[in-house]
Amino acid sequence: MFLKKSSQSGEIHNVSYLNGQVRFQGVSLNVYSFLVDGVLIDTGAQSLHQHFKPFIDQADFDHVFITHFHEDHTGCASYIEKTKKVPIYLDEKTIDYCGKRAHYPMYRQFFWGRRKPFHAQIMPSGFQSRNASWDVIPTPGHAQDHHAFLSRETGQLFTGDLYVMERTKVVLEEESIPSIIQSLQRVLTYDFQEVFCNHAGFIQDGRMALQRKLDYLLGIQHEVLTLHQKGDSPEEIRQKLFPRRFPIIKFSRGEWDSIHIVHSIMKENHIISS
């Protein structure tokens, strides 16, 4: 029962990256760390430390900005704190959590390792890198502390886990589809050209991809509410909209599931699900 681990590094449009992957029994997961203009965005996973370590060691950066607290994005932050002596920025809501020993389900520890404690500073609303001014954009939904980062000079938007894929089929139990919709609407008010996702990498026609995801989620929200008004239960709605049972649902013991999409929409609309 061993994970297969690999990584690829590269550069696109003056953004360097490392993409680390873990695979086990048909389940494949990956996560990116990006380096641009002296800014490191996310730190990779502890389970992939030996892959991210050379990338971090060789990188020249002044700041670390973390999109959100999940362990695949914060796993090597402790190593950076010990070796680089640069400020690490995180949303105030999860600074205390990340300063303590991590607790999350065993399957996530299996894939991503156990994130070691690290100390972070409060995320500013904007910042200056070597050659650019940046907007820090709150984008909750996937996580309560989620942010995207936009370089005003280059029009490059780093979206963390806001995008991941265009047609979302499963989400974490704590995710909120209505909040993700609002976050997509918020980022689309900004002037950007290129999108870098921490799981999908560089996205061709990034603005249009985010718009398509927004349209898709708005459609799902409408269908959930319409089916509820017709009398369907949450499980009946799930069966109609998301009939496929993805392996991650069983593997995560339901922490990831399509039913959470339905529940989050109904909760936001003050519908008590049965």
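Which entries of Lys100/Lys267; Lys169/Lys267; Lys4/Lys116 show an alpha-carbon separation above 26 angstrom in the structure shown?
Table pairs above 26 Å Cα-Cα are Lys100/Lys267.
With +1 on each Lys and Arg Cβ and -1 on each Asp and Glu Cβ, how big is the dipole of the chain about its Cα centre, in debye rounded to the nearest 20?
In total the dipole reaches around 960 debye.
Please give the net charge around Ser264, taking every other residue with its beta carbon less than 10 angstrom from that of Ser264, where Lys and Arg add +1 and Asp and Glu add -1.
With Lys, Arg at +1 and Asp, Glu at -1, the net is -3.
Ranking Trp256, Trp112 by Cβ neighbours within 10 Å, fewest first, what do you get?
So the residues, fewest neighbours to most, are Trp256, Trp112.
Please report, in whole Å³, the volume per residue of the convex hull around the C-alpha atoms of the range 164-274.
Dividing the Cα hull volume of the range 164-274 by its residues yields 107 Å³.
What number, rounded to the nearest 500 deg cm²/dmol, is the helix-based mean residue ellipticity at 222 nm of the chain, given -39500 (n - 2.57) per DSSP H run of at least four residues and division by all its residues?
Value at 222 nm, helices only: -9500 deg cm²/dmol.
Through the Karplus equation 6.51 cos²θ - 1.76 cosθ + 1.60, θ set to phi - 60°, convert the phi angles of the range 101-107 into ³J(HN,Hα) values in whole Hz; use x for Gly and Pro.
Using θ = phi - 60°, the values come out as 4, 6, 10, 7, x, 4, 5 Hz.
How large is ³J(HN,Hα) for each residue in the range 175-185, as worked out from phi by the Karplus curve 6.51 cos²θ - 1.76 cosθ + 1.60 (θ = phi - 60°), to whole Hz, x for Gly and Pro?
6, 10, 4, x, 5, 5, 4, 5, 5, 5, 4
Using the Cα centre of the range 134-209 as the reference point, and only Cβ charges (+1 on K/R, -1 on D/E), how large is the resulting charge dipole? Debye, rounded to the nearest 20.
For this selection, approximately 180 debye.
Counting Lys and Arg as +1 and Asp and Glu as -1, what is the net charge of the other residues whose Cβ lies under 15 Å from the Cβ of Lys85?
With Lys, Arg at +1 and Asp, Glu at -1, the neighbours total -2.
Would you grab the residues whose amide H sits under 5 Å from the one on Phe202? Only those 5+ places off in sequence or on another chain, please, with H modelled 1.01 Å from N.
Cys197
Report the charge-dipole magnitude of the range 127-263 in Debye, nearest 20, computed about the Cα centre from +1 at each Lys and Arg Cβ and -1 at each Asp and Glu Cβ.
320
Residue by residue through the range 251-262, what is 3J(HN,Hα) from phi via Karplus (6.51 cos²θ - 1.76 cosθ + 1.60, θ = phi - 60°)? Round to whole Hz and write x for glycine and proline.
3J(HN,Hα) across the range 251-262, in whole Hz: 4, 8, 6, x, 5, 9, 6, 5, 4, 5, 4, 4.
Does the chain come out rounded, prolate or oblate, given a ≥ b ≥ c as the square roots of the eigenvalues of its C-alpha gyration tensor, rounded meaning a/c under 1.5 and, failing that, prolate meaning a/b above b/c?
Prolate.
Which of His73, His63 has the fewest other C-beta atoms within 10 Å, and how do the rest follow up to the most?
Fewest-to-most Cβ neighbours within 10 Å comes out as His63, His73.
Would you mind classifying the range 66-192 by shape? Square roots of the alpha carbon gyration tensor eigenvalues, ordered a ≥ b ≥ c; an a/c under 1.5 is rounded, otherwise it is prolate if a/b is larger than b/c and oblate if not.
Oblate, since a/c reaches 1.5 and b/c is not below a/b.
Need one word for the range 40-98: rounded, prolate or oblate. Basis is the Cα gyration tensor (sqrt eigenvalues a ≥ b ≥ c); a/c below 1.5 gives rounded, then a/b vs b/c decides.
In terms of gyration-tensor shape, oblate.
Taken together, the values in this text are just the output of simple stated rules run on the coordinates, not laboratory data. None of the values given here were measured: they were computed from a predicted structure. Neighbour counts run over all protein chains shown; Cβ positions are idealised from the backbone, glycine included.
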